[in-house]
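Visitor: To start, I am sharing the structure in question, which I have written as structure tokens.
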Amino acid sequence: MANIVNQFSEIPTTAVSDAMDGMNNMESSIKPLKEVYKVVGRAFTVQMPVGDNSMILRAFNEAKPGDVIVVDAKGDTYRAIAGDFMVSIAQTLGIQGIVVDGVIRDIVGIKALDFPVFCKGTTVAASAKSGGGKVQVPISCGGVTVHPGDLIVGDADGVVVIPQEKEEEILKKAKEKLEKDEKREQQVAGNPEAIRKYLNEMISKL
């Protein structure tokens, strides 16, 4: 079987979400800084106290190339978990992307790096470094439980979390959903009669 991370990189988050009955989507406020960003990789988790980003540094140092840093920042939108300098470190070390239920700063500089960051927005305030927090422990991010090694898939529509023990099952279901959607599109696109038939079929099931 081809590398499962590579296979998920070809599948939109919408199909992955449908394959999990919409159960593992991060809250909709967590979005990419640029719509073109796509991130797929293993979660390297960070649990940090509000306003203390010490563990972000440890995560960058310990994560493997291709990992996605997933940060439980408790939804704080006052203090940034990182700025452009820290994000450039992550990029240089081969980290695949950053997902956080919090905010970043230096947005212009980060966008210039063209590095996938998914967050709730931006702020001007920096975090302190008091040494609190943990890495590689189960966390909650965007309302979803994330374990180290879970697959993270993010694109313009949002972020989904795939439990490691279910990834092959979810991959199969997501591919089937994508194929079904593509077949439906081919059947009805530009064809009013086919569209009416499809709508009537769907309505009859309600």
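The values are calculated or read from the model by the stated rules, or taken from the named source; none is laboratory data. Note that the structure is predicted; figures quoted are calculated from it, not measured. Positions of Cβ are backbone-derived with ideal geometry, glycine not excepted, and every protein chain shown enters the neighbour counts. What goes into the accessible areas is simple: the full protein's heavy atoms, side chains included, and nothing from ligands, DNA or RNA. Shrake-Rupley method; radii C 1.70, N 1.55, O 1.52, S 1.80 Å.
Visitor: What's the lysine pair count for the stretch 75-206 at a Cα cut-off below 29 Å, pairs eight or more apart or interchain?
Guide: 29
Visitor: Using a probe of 1.4 angstrom, how much of the accessible area of the stretch 1-148 is carbon and sulfur, in percent? Mind dumping the intermediate values first?
Guide: Working: 3320 of 6560 Å².
Summing carbon and sulfur atoms, their accessible area is 51 percent of the total for the stretch 1-148.
Visitor: Okay, next question. In degrees, nearest 10, range 0 to 90: what is the angle between the Cα axis of helix 192-204 and the longest Cα principal axis of the chain?
Guide: That helix lies at roughly 80 degrees to the long axis.
Visitor: Moving on to the next point. On a C-alpha basis, how far is the centre of the stretch 8-22 from the centre of the stretch 94-132 in Å? Whole number, if you could?
Guide: Comparing the Cα centres of the stretch 8-22 and the stretch 94-132, I get a distance of 25 Å.
Visitor: Note the angle between two axes, namely the Cα long axis of helix 167-188 and the longest principal axis of the Cα atoms of the chain, as a number of degrees from 0 to 90, rounded to the nearest 10.
Guide: 50
Visitor: Heavy-atom accessible area per residue, the chain, 1.4 Å probe: how many Å²? Numbers along the way, then the final one.
Guide: Details: 10630 Å² over 206 residues.
So the chain comes to 52 Å² accessible per residue, rounded to a whole number.
Visitor: Please report the antiparallel percentage of the DSSP beta bridges confined to the stretch 51-180, to the nearest 5.
Guide: Values: 8 of 18 bridges.
Just about 45 percent of them are antiparallel.
Visitor: Same structure, new question: Going through the stretch 1-86, which chymotrypsin sites (Phe, Trp or Tyr not before Pro) have at most 16 other Cβ atoms within 10 Å and a DSSP loop state? Intermediate values should be presented prior to the final figure.
Guide: Values: sites: Phe8, Tyr37, Phe44, Phe60, Tyr78, Phe85; in loops: Tyr37, Tyr78.
Listed in order of number, the matching sites are Tyr78.
Visitor: Just add up the charged neighbours of His147: K/R +1, D/E -1, any other residue whose Cβ is under 11 Å from the Cβ of His147. Walk me through the numbers before you get to the answer.
Guide: Numbers: positive: Arg42; negative: Asp150, Glu165.
My count for the surroundings of His147 gives -1.
Visitor: Take the Cα coordinates of the chain, assign each an equal point scatterer, and use the Debye formula without solvent to give log10 I(q)/I(0) at q = 0.10, 0.11, 0.12, 0.15 Å⁻¹.
Guide: Normalising to I(0) and taking log10 leaves -0.45, -0.53, -0.61, -0.87.
Visitor: Principal axes first, then extents: for the Cα atoms of the stretch 139-206, list largest minus smallest coordinate on each axis, whole Å, largest first.
Guide: Here the Cα extents, ordered largest to smallest, are 49, 24, 22 Å.
Visitor: So what's the net charge close to Asp84: Lys and Arg +1, Asp and Glu -1, counting the other residues with Cβ under 13 Å from its Cβ?
Guide: On the way: positive: Arg105, Lys111; negative: Asp106, Asp114.
Surrounding charge for Asp84 is 0.
Visitor: Based on the mean of other Cβ atoms within 10 Å per residue, sort peptides 63-71, 111-119 so the most packed one is first. Show your work: numbers first, answer last.
Guide: On the way: 63-71: 21.6, 111-119: 19.4.
Taking the mean over residues of other Cβ atoms within 10 Å, the ranking is 63-71, 111-119.
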